[in-house]
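Shown next, in structure tokens, is the structure this report addresses.
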Amino acid sequence: MARKPRIHYHGAINHIIARGNNRENIFCKNDDKAKYLDLLKKYKDKYDFLIYAYALMDNHLHLLIEVRDNPLSGIMQGIQLSYTQYFNKNYGRVGHVFQQRYKAVLCGKDDYLLTLIKYIHANPVKAGLSPSLDYKWSSHRDYIRAESDLVSTEFILNYFGNEPQKAVQNYLQFMQNTQEEDMPKSNPAVLYQPVLPKIKKSSNGLNIGVSPEELLTLIAKKINISEEMVLKKSKLPKIARARRNFLYLAVSSGLLTRSRAAEFLGISQSAVTRTFNEIEYNEKFRVEMEECLKEIKDGKKVTK
């Protein structure tokens, strides 16, 4: 049976899992892991791709890579072949080091990336290689430092906030306070769906029974600003608060999809995701959302 071709396009993100041949170790000592990271950097510079996460275990590895013009197959062939040559020479052996074909799962550029990064960074803990997330051979440390010459942390940290220090804090809270997700079983050609912890909903759910326009009016009154101001981008706290509240409640209630909400407010979908994360991991925001939701569902007049 013929193998399915790899799907390639500029910006494609793949979760790669490469295992040792016959389940044998591909890294026998730390020098081997260091060599593999050196090769990642070498081929990253050569083929111009982005690395969002990695974890090097003893008998397998995880990579999260976004390709540009060069297809994943050529990138991985170069890395794996170079490492195989190094490994066989160092240990006086011949033959395959890796299973013949690595697994590559195509992922969407959405919230699922956060769950996937959490899974990758938690893998060494789950395998008993480290008592904590502070594992030397994963990219978790790069996210704590918020900078790296190997890992592109900025894109992912933007999901957690605009201010770097706060984004790192939210990332750490996300890693520590959410339960580890099992990897979904899926055809590698199928994009994963986002999986994120949700805000605690009221007992009546999020069916708020108003239109997007009515919700906009209610929130504007609550914040004591005009509806037109809610629709304009601004750094003024009142306006930012109103836009955040509208965005979260409109999407959570099903009034608007995330893409429609982004169009409605004139923002990017990554900004939508960032707003959701700020609410999910901030107790003050969550309380405010639940109070606002209750006022709307109870049919009360929304006041300042």
| said: Could you list, ordered by first residue, the pairs with Cβ atoms under 6 Å in which the first is in segment 133-155 and closer than 13 Å to residue 64 by Cβ and the second is surrounded by 14 or more Cβ atoms within 10 Å (Cβ to Cβ) and acidic (Asp, Glu), at least 6 apart or interchain? | reply: 151/142; 153/142
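What do you reckon, is residue 55 among the small types (Gly, Ala, Ser), surrounded by 14 or more Cβ atoms within 10 Å (Cβ to Cβ) and under 18 Å from the mean Cα position of the chain (by Cα)?
On the way: among the small types (Gly, Ala, Ser): yes; surrounded by 14 or more Cβ atoms within 10 Å (Cβ to Cβ): yes; under 18 Å from the mean Cα position of the chain (by Cα): yes.
Answer is yes for this residue.
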| field | Residue satisfying all of: in segment 126-143; in contact with a Ser or Thr (Cβ under 9 Å, 6 or more places away or on another chain) and assigned to a helix (DSSP H, G or I); surrounded by the most Cβ atoms within 10 Å (Cβ to Cβ) among these | value | 143
| Looking at this structure, is residue 206 at pLDDT 80 or above, outside any helix (DSSP H, G or I) and hydrophobic (A, V, I, L, M, F, W, C)? | no
| task | Within segment 137-167, count every residue that is over 26 Å from residue 11 (Cβ atoms) and touching a strand residue (DSSP E or B) at 6+ places or on another chain (Cβ under 9 Å). | result | 1
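Yes/no per residue for (1) closer than 19 Å to residue 139 by Cα; (2) outside the structural domain of residue 160 (by TED's automatic domain parsing); (3) at pLDDT below 95:
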site: 56; (1), (2), (3): yes, no, no
site: 62; (1), (2), (3): yes, no, no
site: 66; (1), (2), (3): yes, no, yes
site: 80; (1), (2), (3): no, no, no
site: 84; (1), (2), (3): no, no, no
site: 95; (1), (2), (3): no, no, yes
site: 99; (1), (2), (3): no, no, yes
site: 103; (1), (2), (3): no, no, yes
site: 111; (1), (2), (3): yes, no, yes
| Just for segment 147-175: of the residues that are of a type in the set (Gly, Ala, Ser) and closer than 19 Å to residue 40 by Cα, which one is farthest from the chain's Cα centre (by Cα)? | 148
| said: Considering only segment 31-52, I want to know if a residue exists there that is in the same structural domain as residue 119 (by TED's automatic domain parsing), in contact with a helix residue (DSSP H, G or I) (Cβ under 7 Å, 6 or more places away or on another chain), in a strand (DSSP E or B) and not β-branched (Val, Ile, Thr). | reply: yes
| request: Can you confirm whether segment 277-297 contains a residue that is of a type in the set (S, T, N, Q), touching a helix residue (DSSP H, G or I) at 6+ places or on another chain (Cβ under 7 Å), crowded, with 21+ Cβ neighbours inside 10 Å and closer than 22 Å to residue 157 by Cα? | output: yes
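What number of residues within segment 227-255 satisfy the criterion of being assigned to a helix (DSSP H, G or I) and either under 24 Å from the mean Cα position of the chain (by Cα) or surrounded by fewer than 17 Cβ atoms within 10 Å (Cβ to Cβ) (or both)? Give the derivation first.
Initial filter on segment 227-255 (assigned to a helix (DSSP H, G or I)): 227-230, 237-252.
In the following step, the residues that additionally are either under 24 Å from the mean Cα position of the chain (by Cα) or surrounded by fewer than 17 Cβ atoms within 10 Å (Cβ to Cβ) (or both) were identified as 227-229, 237-238, 240, 243-252.
Qualifying residue count for the region: 16.
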| message | For segment 25-40, give me each residue that is farther than 17 Å from residue 62 by Cβ and in contact (Cβ under 8 Å) with a residue 40 or more places away in the chain. | response | 28, 30, 35
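The values are calculated or read from the model by the stated rules, or taken from the named source; none is laboratory data. Predicted, not measured: the structure shown is a model, and the values here were computed from it. Neighbour counts run over all protein chains shown; Cβ positions are idealised from the backbone, glycine included.
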